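Worksheet: the structure to be examined is printed underneath.
The values are calculated or read from the model by the stated rules, or taken from the named source; none is laboratory data. Please read these numbers as outputs of a predicted model, since none were measured by experiment. Here the Cβ positions follow ideal geometry from the backbone for every residue, glycine too, while neighbour counts run over all protein chains shown. Keep in mind that these areas ignore ligands, DNA and RNA; they rest on the heavy atoms of the full protein, side chains included. Shrake-Rupley method; radii C 1.70, N 1.55, O 1.52, S 1.80 Å.
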Amino acid sequence: MNIPYNPILFGYNINIHLVLEYLAFFIAFRYYILLRRKSNDVISSNNRLSIILGAALGALIGSRLVGFLENPFVDISQENIIQLLNTKTIMGGLFGGLLGVEIAKKRIGETQSSGDLFVFPIILGIFIGRIGCFLSGINEFTYGIETTSIFGMNLGDAQLRHPIALYELIFLILLFFSLNRIKNKTTLKNGDLFKWFMILYFAFRFFIELLKPNVFYFFGLSTIQILCLICLLYYHKTILNIVKNAR
């Protein structure tokens with residue numbers, strides 16, 4: 001299957017990934033506002049604003065830092081410095097946002113868990129962004145290694161590759177409905193839904209990275225995989241409780 005990249009709209013070349021990225025932020029935030037209006041949020045509006053600002057700042061730093069660490073030995077020349085500054089990854093954004101929220105909550109003295117309201121908007125935002133990644137083909141580092149399996153697709157370089165972004169789109173749909181079912185059918189402690197999301201998404205990304213042409217640095221792991229392990233270690237108590245309750 002061949003995918004048309006760099007689409008033309010009204011005679012202009014458009015960066016479909018950038019368009020969908022901004023659309024993802026807008027729609028996800030509007031979805032968050034809708035969910036908060038329908039919920040009995042115990043966190044005040046001022047504290048919510050501080051938490052959102054902390055998440056945004058943490059996500060900005062984390063996404064750029066981890067994006068750079070994916071290939072820290074790149075030649076930083078005048079030609080690619082702008083591209084380097086624009087390098088980012090959702091994984092760094094998520095974990096950086098998590099740390100940013102925790103720092104913000106400590107500064108304002110907020111003790112209530114704040115992540116549950118963000119879960120479904122985050123999933124929706126990632127989903128929309130991944131559509132842009134898929135349509136961008138090999139122009140974005142979300143393509144897979146070459147394959148001879150039936151899943152192989154020509155993503156723009158005449159090679160059959162694993163469509164990693166498409167795999168993730170399918171996973172995000174399953175994750176959205178699975179977590180929604182858990183929320184409606186199970187009594188969860190405040191904050192547990194966000195923990196479930198982080199654990200499942202980072203576990204998925206750890207394994208899907210094996211299908212990407214990554215640069216592997218330590219113990220045969222990529223930067224993203226190392227970050228996934230750090231995140232899973234961060235939530236190790238929750239993981240142990242899940243395993244214990246599943247027995």
- request: Calculate the spin-label point distance for LEU210 paired with LYS189, positioning each point 7 Å from the Cα along the beta-carbon direction, and give it in nanometres.
  value: 3.2
Inverse mean reciprocal Cα-Cα distance (Kirkwood Rh) of region 94-240, Å: 16.9
query: Does region 162-247 classify as rounded, prolate or oblate by the C-alpha gyration tensor (a ≥ b ≥ c root eigenvalues; a/c under 1.5 gives rounded; else a/b over b/c gives prolate, otherwise oblate)?
result: oblate
- prompt: Based on the alpha-carbon gyration tensor of region 24-65 and its eigenvalue square roots a ≥ b ≥ c, which shape applies: rounded if a/c is under 1.5, prolate if not and a/b is larger than b/c, or oblate?
  reply: oblate
task: Quote the convex hull volume per residue of the chain, based on C-alpha atoms, as a whole number of Å³.
output: 172
- prompt: For ASP157 and LEU34 in one chain, what is 0.36 nm times their gap in residues minus the Cα-Cα distance, to one decimal in nm?
  reply: 40.1 nm
task: Starting from the eigenvalues of the Cα gyration tensor, five times each then square-rooted, give me the equivalent ellipsoid semi-axes of region 84-130, largest first, whole Å.
output: 23, 16, 6
- line: Per GNM of the chain with C-alpha springs under 10 angstrom, the most fluctuating residue out of PRO213, PRO121, PRO163 is PRO213
message: Over 10 Å intervals from 0, what percent of Cα-Cα pairs in region 110-184 sits in each interval?
response: 18, 38, 25, 14, 4, 0
query: What nm value, rounded to one decimal, do you get for the distance between LEU60 and SER149 when each label is placed 7 Å out toward the C-beta?
result: 3.9
query: Looking at region 187-241, which trypsin sites (Lys or Arg not before Pro) are in a loop (DSSP not H, G, I, E or B) and have at most 16 other Cβ atoms within 10 Å?
result: LYS189
query: Under 17 Å from a point 7 Å along the Cα-to-Cβ line of ASN245: which residues of region 181-209 have their amide N that close?
result: 181-201
Estimated FRET transfer efficiency (LEU49, LEU200; beta-carbon r; R0 25 Å; 0.05): 0.30
- prompt: VAL42 label point, 7 Å along Cα→Cβ, cut-off 20 Å on backbone N: hits in region 95-110?
  reply: 101-110
message: Tell me the angle of helix 119-136 to the major Cα principal axis of the chain, expressed in degrees between 0 and 90 and rounded to the nearest ten.
response: 0
field: Protein accessible area in the chain, 1.4 Å probe - carbon and sulfur %
entry: 65
field: Under 28 Å from LYS38, Cα to Cα: lysines that are on another chain or at least 8 residues apart
entry: LYS105, LYS106, LYS183, LYS185, LYS189, LYS195
